[in-house]
1. Taking a threshold of 28 Å on the Cα-Cα distance, which of the pairs LYS194/LYS399; LYS388/LYS413; LYS87/LYS413; LYS194/LYS271 fall above it?
2. Can you classify region 146-267 as rounded, prolate or oblate using the Cα gyration tensor, where a ≥ b ≥ c are the square roots of its eigenvalues, rounded means a/c under 1.5, and otherwise it's prolate if a/b beats b/c and oblate if not?
3. What is the local net charge at ARG468, summed over the other residues whose Cβ is closer than 13 Å to its Cβ (Lys, Arg +1; Asp, Glu -1)?
4. What is the distance, in nm, between label points placed 7 Å from the Cα along the Cα-to-Cβ direction at PHE420 and at THR196?
5. Excluding ALA157 itself, calculate the net charge of residues whose Cβ lies under 13 Å from the Cβ of ALA157, where each Lys or Arg counts +1 and each Asp or Glu counts -1.
6. Per DSSP H run of n ≥ 4, the term is -39500 (n - 2.57); total these for the chain, divide by its residue number, and report the mean residue ellipticity at 222 nm rounded to 500 deg cm²/dmol.
7. In region 198-320, if every C-alpha pair distance is counted and binned at 5 Å from zero, what percent goes to each bin?
8. Calculate, in nm to one decimal, what VAL107 and VAL454 gain on full extension: separation in residues at 0.36 nm each, minus their alpha carbon distance.
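Here, each number is a calculation from the coordinates, and none is a lab measurement. Predicted model only: the values in this text are computed from it and were never measured. Virtual Cβ from ideal backbone geometry, glycine too; neighbours counted across all protein chains shown.
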Amino acid sequence: MARHREHMPSAYRTLIRGSRQGAPLEGLVEQAHALEPYYRAQALLELSSRNDVAQRQAQSLVRDALSTAERVEQEWRHAELVGELAKGLADWRSARDRPPAMRALMVHLQTLHGEALVTVLKEVAPRLPAQLQHGLLELALANTGQEVASAKPVLRAWVSDLQPAAVMANLSQLPRQQAVRLLGYLHLQLRRKKRTVSPTPLEQALTLGPGAEGLRYLASVAEQDELNLLTDASRERPPDEAARLLGTLAGTVHRLGNRTLAQEWLVEGSKLAGEINDDTTRQKVLETLARGQERLSSKAAKATPAVVAELPTSAGKHALGLWNGYRGGLKGPHLRALARAGALCAGFGFELALVDFPEMDLPILARRVAQESHADGGSWFAALVAEKRVRQFSGVPGKWVGTLVATTPQPAKPEPPDSFEGRLCLLMGVGPQGLPGKLLKASKFHLELTGHSVELETATAMGVIAERLSRL
């Protein structure tokens, strides 16, 4: 049986090749049913797209493919397969033929739960028509324990077409912590699409009485002119929470360029800290605010003129791709990696793709990288952003990056040939782990950097990749 399984990919490729060469459908369907479920489902979907297949039979093959997918035992593999089927259905046959197939896909999604559903929604949401997104959001919000992670890709995909008031009302019915998080995320996505609404999702979130954690998250998605709303809400919290929150907001407004207001909020936070009854808590809060004052003073002393560096190269043929392997929000390692990548892209003439990084408007991100990682080349990253040579992606990057090349110490695909014509994007992981399976699978080529399967530290790997990419 093990030997038979090893040949499944080859059998699948042979079947697809035969179909594209015009082999009779009946025999190919029989061959497809001899494959294991993972490859059988993909083969049936491929056969359903043939021009010589009538619509009714095509729909039947799609249902068969989705039914087969349920038999894939490993949850992560099932999720990966459904993502592949969704990609195939996105441009399946004619637009008139797609609605029943898409509805069948929606029914199948109800068989997935937990992290598997989160993974699938990242692939499926951008490919479903707007009229199905409401049902997809309901499915995401019913994914117990993963409501926020499930709903985010749906809101991101649907943001251009959704009715903000109705969605905000729906989200507001969730438990408060989840509601605040998702309203804040919706606020961020609407702003990116330059859609205005009153009240804003951020204002709606504030009516729910968010706790300290919720206010911190809202601070991360707010514009500078919205931070006063958050300071007002912070002042209504107990003195220890209010003082800490004002410190957080001071850091946020300083990163947005307003040092004076940051100073005012730190001073106010220190006064509030004086009202804390518990001596130990009061001392800890005052120490935290004092560190904020020190950072503010230090950055003021080291400040450089806010001049965007002039790039020494024009946008070149290829791109460098960074995949974020850290959990949580933006951290120091992110900023250092972006600064170093910015310098390499500026020097070698590459463009930069950021994959699965914490979401933030690029100009704001550039300002933060320049402020906090100037010695590592942060000004070059800001220059790349100014020249629109940086793009963000969630999941597998789009066509802008070109042909994907995954860097890995254990390659399973060929290297890109020296004679390759076209644009390449060399992907590398930033963080404690290598590239995820979804990117290894999506990449046409794999590249081992040392010749001896030795894993390299991020900064070292980045330099080697830049040099290799410059020769392709």
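1. Going by Cα-Cα distance, LYS388/LYS413; LYS194/LYS271 fall outside the 28 Å limit.
2. prolate
3. Neighbour charge sum, excluding ARG468 itself: -3.
4. Distance between the two pseudo-spin positions: 4.6 nm.
5. Result for the local shell: +4.
6. -18500 deg cm²/dmol
7. It works out to 2, 10, 19, 18, 16, 11, 8, 7, 5, 3, 1, 1, 0, in whole percents.
8. Result for the pair: 120.4 nm of gain on full extension.
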